[in-house]
């Protein structure tokens, strides 16, 4: 197949769309379609190459896979080794388990499976992960395993029909599964969801072996419309749309049209020096831009980048990409197979040694666990078992704490006060969402689906425990987001027995950045200021609930003076992330509010009415 500069230019456009989106998704909400453009180009080119060799009886599975590996693996392995080494010093010990998994799955080209499971609840977010973008390379390599099988073992007269059927049925499957489950993030990283995008390129390669050539004016119109569709898609599609699926066909067909339309001024533009330069180095540019962005975001715990940081990212990305392109990509592309195997073996050994050292790296940035994660009462968190806390010998023992991780965070608070004031309590707490009946799946964003599904497994267990207790305490990160949480709590309040009481907590404030990442120690070192955020709307809704139900009481945790200098109290870290107090913070809160809380709580446990 003849080399085409215009395809390099389209690759350059694809990278720029992704790059701008990654710098700030508000600038180009649908810039992620750049990845879809890459997929179409890959499907188009690989199909053209395989079919040409099939027709000439020169195709070899071995040669095909080796060429793909020589094209992708050397720069990829170099990238993984360097990024893993840098992460050795940047990542905190609590986040290392996810970092290690990312290194391993990326090296095996299966990172899309890892990332499809979404964020870790207590750990770092996907947007901080320097290997996040490898999901697309994993899918590409997985597709390369399948494409030759389809093209070689299917008779030519059935091939285009088969490809159209696969596109149709997989697209429908993705649409239906996203609609039913609302798990768009899982489908976003799915090979099955992305196969149609490659096959759009394959179909256009088969159907239009040579470029479609109309008049120059018509070619210009078609190519201009195709480019306009791509640009509009980059602005109009966003993270909240059902994507991929049917919607992905719009930019993918537009891309394929650009690949097959004959002589036109758009292709002239794409053959320009700047666009072809970006296009020819697009693979290395794609590899290197994201880890630089991710490391800066992780270190600052701030999504938004300053002008100086963006300038630094651009310069370093292009320098690293140029080095990778000239000295890694091009070098190994020209080497024979035996040299490739030898160097790949060296690199693999180095990566294995580095992976063995990664657990030791956690010790470099280690902070005592009591300050960086929940450690009290975790045996009964996300478990269908209860623990007894507080004064275990007390007669006031019909008290149950339920809720999400914010309820987990106040276990030390209630345990401390209970031991000193003669009451005990048991708990049912789950991550992400409280285990309550009536929370609507349709209101849960895709990243919260796994927490919804998990917490709903505890509903019956929670109801059984509620029926056995006299006083129910509940704490959540939010009672009004989604609103069905509030409705579930209200319904629970309405169905209480006459001798049962419900206490709803106005939870502790949150802060605008992760203090563990910013401070990197449990003793205050940073001079950066944190914004303390109190959900007043949440508090007002709970006050209203308590005011309209004689068996419901409201207690506000956020009124404590320990939050004045949050996330620190007495120059010691009291939060383990933006939204959760640690055990030290919870005990400090109990010491400050003990007298006030007991003046509120004592009449309730003694059976007095409002």
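The values are calculated or read from the model by the stated rules, or taken from the named source; none is laboratory data. Remember, predicted model here, so these are calculated numbers, not experimental data. So basically every Cβ, Gly included, is an ideal-geometry build from the backbone, and we count neighbours across all protein chains shown.
Details
- In the range 593-610, the residue that is modelled with the lowest pLDDT out of those that are over 15 Å from residue 410 (Cβ atoms) and exposed (fewer than 14 other Cβ atoms within 10 Å of the Cβ) is 610.
- Residue within the range 310-317 that is crowded, with 18+ Cβ neighbours inside 10 Å and at pLDDT 85 or above present: yes
- Matching helices (runs of 4 or more DSSP H) fully within the range 128-192 where at least 3 residues are more than 27 Å from the chain's Cα centre (by Cα) and closer than 27 Å to residue 114 by Cβ: 134-153
- Verdict on residue 284 being crowded, with 22+ Cβ neighbours inside 10 Å and either touching a helix residue (DSSP H, G or I) at 6+ places or on another chain (Cβ under 7 Å) or at pLDDT 95 or above (or both): yes
- Boolean, residue 563 is in contact with a strand residue (DSSP E or B) (Cβ under 9 Å, 6 or more places away or on another chain), touching a residue at least 60 places away in the same chain (Cβ under 8 Å) and over 16 Å from residue 412 (Cα atoms): no
- Listed by first and then second residue, the pairs linking a residue in the range 137-160 that is without any contact (Cβ under 8 Å) to a residue 12 or more places away in the chain to a residue that is outside any helix (DSSP H, G or I) and surrounded by fewer than 20 Cβ atoms within 10 Å (Cβ to Cβ), with Cβ atoms under 8 Å apart and 6 or more places separating them unless they lie on different chains, form an empty list.
- Restricted to helices (runs of 4 or more DSSP H) entirely inside the range 61-123, those with at least 3 residues that are over 29 Å from residue 374 (Cα atoms) are 61-90.
- In the range 454-464, the count of residues that are in a loop (DSSP other than H, G, I, E, B), surrounded by fewer than 20 Cβ atoms within 10 Å (Cβ to Cβ), out of contact with any strand residue (DSSP E or B) (no Cβ under 8 Å at 6 or more places or on another chain) and assigned by TED's automatic domain parsing to the domain that holds residue 553 is one or more.
- Annotation note: of 425, 376, the sole residue that is in contact with a strand residue (DSSP E or B) (Cβ under 6 Å, 6 or more places away or on another chain) and either touching a residue at least 40 places away in the same chain (Cβ under 8 Å) or crowded, with 18+ Cβ neighbours inside 10 Å (or both) is 425.
- Some residue of the range 398-420 being under 35 Å from the mean Cα position of the chain (by Cα), within 30 Å of residue 88 (Cβ to Cβ) and assigned by TED's automatic domain parsing to the domain that holds residue 579: yes
- The lone exception for residue 273 - which of (1) crowded, with 22+ Cβ neighbours inside 10 Å; (2) closer than 14 Å to residue 13 by Cα it fails: (1)
- Helices (runs of 4 or more DSSP H) wholly inside the range 475-592 that include at least 1 residues being surrounded by 14 or more Cβ atoms within 10 Å (Cβ to Cβ) and at pLDDT below 90: 483-494
- Test: residue in the range 469-478 that is over 23 Å from residue 599 (Cβ atoms) and free of Cβ contacts under 8 Å to residues at least 24 places away in the same chain: no
- Within the range 198-237, tally of residues that are touching a helix residue (DSSP H, G or I) at 6+ places or on another chain (Cβ under 7 Å) and without any contact (Cβ under 8 Å) to a residue 40 or more places away in the chain: 2
- Considered as a group, the residues in the range 238-260 that are assigned to a helix (DSSP H, G or I) and free of Cβ contacts under 8 Å to residues at least 24 places away in the same chain include one that is nearest to the chain's Cα centre (by Cα), and that residue is 247.
- In the range 305-383, counting only helices (runs of 4 or more DSSP H) that sit wholly within it, the ones holding 1 or more residues that are within 30 Å of residue 430 (Cα to Cα) and over 25 Å from the mean Cα position of the chain (by Cα) span 369-372.
- On the stretch given as the range 389-409, residues that are in a strand (DSSP E or B) and touching a residue at least 60 places away in the same chain (Cβ under 8 Å) total 5.
- Check on residue 371, farther than 28 Å from residue 65 by Cβ and in contact with a strand residue (DSSP E or B) (Cβ under 6 Å, 6 or more places away or on another chain): yes
- The condition of being closer than 30 Å to residue 406 by Cβ and either in contact (Cβ under 8 Å) with a residue 24 or more places away in the chain or surrounded by fewer than 16 Cβ atoms within 10 Å (Cβ to Cβ) (or both) holds for residue 129.
The rows are residues; the columns are (1) loosely packed, with under 14 Cβ neighbours inside 10 Å; (2) under 29 Å from residue 175 (Cβ atoms).
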site: 201; (1), (2): no, yes
site: 214; (1), (2): no, no
site: 217; (1), (2): yes, no
site: 228; (1), (2): yes, yes
site: 231; (1), (2): no, yes
site: 234; (1), (2): no, yes
site: 243; (1), (2): no, yes
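- The residues of the range 428-445 that are surrounded by fewer than 23 Cβ atoms within 10 Å (Cβ to Cβ) and not in a loop (DSSP other than H, G, I, E, B), listed by number, are 441, 442, 443.
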